[in-house]
Amino acid sequence: MSESSPDYSKGAAYMNGTYVPISEARIPVGDWGFVHSDVTYDVVHVTDGGFFRLEDHLDRFHRSLAGYRLDPGVTREQMRHILGRVVALSGLQHAFVAMVSTRGVPSVYGSRNPLDCDNTFIAYAVPWVDVIKPEVQERGAHLLVASVPRISPRSLDPTLKNYMWRDFTRGMFEANDKGFDTAILLDQEGFLTEGAGFNVFIVKGTKVITPDRGALEGVTRLSVLDICPELGLEPVVGPITFDDLMDADEVFTTTTAGGVMPCARVNERIYGNDRPGPISAKLKETYWRKHKEGWHMTPVNYADADN
Ligand code: PLP
């Protein structure tokens, strides 16, 4: 690397039409993405040099953009190219790759009209991250059902990906104070929703059940639902009460940044032998094995870094 060439080794970003090292990627304080959390995003992962379910992430990102009435003026084909290029520039084989659109800075100072803003498109690739630390996944995460309920879906549609995490953050502080790894939230009627950056599943007999409400339609969740039949398991999307959670055989969580993440405890309830349950472990193993076999993988064109 010459002295003047940018250092992408810690990650690469695309902003305002240019590629920059991740440490130089920043948004203006006047951007509504910052001042009003008026932003949407999606995260896809790269393992062994390939994107996992890229088209599913792009589909969901487009649903989120439409839901928030954001239009960054970038075609889907351009997005695919930019996402590939940030990964290629970083050279990362295992990466957390985000696409973001903020409302932008209003062209008229102090405007309260969202139509005065030029919406942005930002993308970046950084080294792989685990939402729940690998050693915690190994022993089985300890989850707390937070006392704060999830914000009503009538106010914030949880199927549109967003950064409005006030309820989750309160839950995580509570979990931390009480010695748990992280929090999961019930909705205002007492049904299970999700956690800060992950979906939740319970296992009961051969049924593998995830909430039908109050949650993002996770791509990892979809992958687990897809895998269940081949393991002789019945995937179910349905309501889950607190009692169902306590009565479950196993609990696990899912996310792009971590995959299938088994749990060992929820509140005072300890599942099995206080270790990841056998079905959760089998789903986790199958999920990663299928990655190795190229399931839903799109190879990154690393040569694109040179163009
Ligand atoms: N729920 C929330 C609130 C999330 O932020 C995420 C991922 O970031 C998920 C669930 C899991 O979704 P996916 O599997 O698509 O990463």
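The values are calculated or read from the model by the stated rules, or taken from the named source; none is laboratory data. Given the structure is predicted, the values throughout are model-derived calculations rather than measurements. We place every Cβ from the backbone using ideal geometry, glycine too, and count neighbours over all the protein chains shown. Accessible surface is based on the protein model in full, side chains and every heavy atom, while ligands, DNA and RNA are left aside. Shrake-Rupley method; radii C 1.70, N 1.55, O 1.52, S 1.80 Å.
Put simply, of ASP38, ASP118 the only residue that is acidic (Asp, Glu) and open to solvent by 70 Å² or more (accessible area, probe 1.4 Å) is ASP118. For the range 42-63, state whether one or more residues are hydroxyl-bearing (Ser, Thr, Tyr) and either at pLDDT below 95 or buried (at least 20 other Cβ atoms within 10 Å of the Cβ) (or both). Scanning the range 42-63, I find no residue that is hydroxyl-bearing (Ser, Thr, Tyr) and either at pLDDT below 95 or buried (at least 20 other Cβ atoms within 10 Å of the Cβ) (or both), so the answer is no. Listed by position, the helices (runs of 4 or more DSSP H) inside the range 189-307 whose residues that are open to solvent by less than 30 Å² (accessible area, probe 1.4 Å) number at least 2 are 219-227, 278-292.
Per-residue answers, yes or no, for (1) in a strand (DSSP E or B); (2) away from the ligand (no atom under 16 Å from the Cβ); (3) under 30 Å from PRO6 (Cα atoms); (4) in contact with an Asp or Glu (Cβ under 6 Å, 6 or more places away or on another chain):
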site	(1), (2), (3), (4)
ARG85	no, yes, yes, yes
TYR109	no, yes, no, no
VAL129	no, no, yes, no
GLN137	no, no, no, no
LEU143	yes, no, no, no
PRO158	no, no, no, no
MET164	no, no, no, no
THR169	no, no, no, no
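Suppose we filter the range 207-226 for residues that are free of Cβ contacts under 8 Å to residues at least 60 places away in the same chain and more than 13 Å from the ligand (Cβ to nearest atom); how many remain? Residues in the range 207-226 being free of Cβ contacts under 8 Å to residues at least 60 places away in the same chain and more than 13 Å from the ligand (Cβ to nearest atom): 3 in total. Only one entry in ILE122, ILE151 is within 12 Å of the ligand (Cβ to nearest atom) and farther than 19 Å from GLY258 by Cα, namely ILE151.
Here is a yes/no grid of residues against (1) touching a residue at least 12 places away in the same chain (Cβ under 8 Å); (2) within 28 Å of HIS36 (Cα to Cα):
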{"residue": "ALA141", "(1), (2)": "yes, no"}
{"residue": "SER152", "(1), (2)": "yes, yes"}
{"residue": "ASP157", "(1), (2)": "yes, yes"}
{"residue": "LEU160", "(1), (2)": "yes, yes"}
{"residue": "ARG170", "(1), (2)": "yes, yes"}
{"residue": "ASP177", "(1), (2)": "no, no"}
{"residue": "LEU186", "(1), (2)": "yes, yes"}
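Scanning the range 192-206 for residues that are within 15 Å of the ligand (Cβ to nearest atom) and not small (Gly, Ala, Ser) gives LEU192, THR193, GLU194, PHE198, ASN199, VAL200, PHE201. Of the candidates MET246, MET261, the single residue that is modelled with pLDDT of 95 or more, within 12 Å of the ligand (Cβ to nearest atom) and under 16 Å from PHE180 (Cβ atoms) is MET261. If I ask for residues that are farther than 19 Å from VAL39 by Cβ and either in contact (Cβ under 8 Å) with a residue 40 or more places away in the chain or surrounded by 14 or more Cβ atoms within 10 Å (Cβ to Cβ) (or both), which ones from the range 64-85 would you list? Matches in the range 64-85: ARG80, HIS81, GLY84, ARG85. Residues that are of a type outside the set (Val, Ile, Thr) and free of Cβ contacts under 8 Å to residues at least 60 places away in the same chain number at least 1 in the following strands (runs of 3 or more DSSP E) confined to the range 1-61: 18-21.
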